[in-house]
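Written out below as structure tokens is the structure these notes cover.
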Amino acid sequence: MSGSERQLDPDSLGDHIDRLYRAAWGLCGSREEAEDLVQETFARVLRKPRLIRAEDDLGYLLRVLRNTFFSQHRTAARRPQTTALPDDLDFVEDRSAINPEASIDTEALYTAISQLPDDFRDVLLAIDVLGLSYREAARALRVREATITTRLHRARQRVARDLQGDDLE
């Protein structure tokens, strides 16, 4: 093990679960799929000891999350497609929800994020959802900081335009 590498502490994974969940929701566009994706990401990381450079746990976990997402997508693309449930199902009100109207806005936001092109979505998730610095995001996504700035600006514009379009309908 070199001086700048250390082993990922499995006990510290819980410190990152909320931000990874939000990033996963942005990737998937679905809360349920996001929960499964984070769980699978942690399972992959915990299968064997992992060496991390410097103090970049979150950047490393973001890369594993993205790789897991794309791997699952490729696998799912090879499977036969199923049909969706009918639209006329009765839904039960969730009385434990603090503010149901806010969850609708959150749902629309994560749907808009999930529909971005991969490069834009990854940068938006890294900066706005996970809270990485531009430098950390550039390192995690393996691009230049200037590229991060441009993609983030364009991603934010697209999400804002998509959400404004929803308000007009």
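The values are calculated or read from the model by the stated rules, or taken from the named source; none is laboratory data. The structure displayed is predicted, hence computed values, not measured ones. Here Cβ is always computed from backbone atoms with ideal geometry, including for glycine, and neighbour counts include all displayed protein chains.
Can you pull out the residues in the range 124-153 that are of a type in the set (Lys, Arg), over 18 Å from the mean Cα position of the chain (by Cα) and either surrounded by 20 or more Cβ atoms within 10 Å (Cβ to Cβ) or not in a loop (DSSP other than H, G, I, E, B) (or both)?
Arg135
Within the set of pairs 6 or more residues apart or between chains, which connect a residue that is closer than 15 Å to Thr147 by Cβ inside the range 106-129 to a residue that is not in a helix (DSSP H, G or I) with Cβ atoms less than 7 Å apart?
Leu124/Leu116; Ala126/Leu132
Only one residue in Glu55, Glu101, Glu93 is outside any helix (DSSP H, G or I), modelled with pLDDT under 75 and more than 23 Å from Leu13 (Cα to Cα), so which one is that?
Testing whether each residue is outside any helix (DSSP H, G or I), modelled with pLDDT under 75 and more than 23 Å from Leu13 (Cα to Cα) leaves just Glu93.
Can you name the residue in the range 110-123 that is charged (D, E, K, R) and surrounded by 20 or more Cβ atoms within 10 Å (Cβ to Cβ) and is also farthest from Asp15 (Cα to Cα) among such residues?
The extreme case among them is Arg121.
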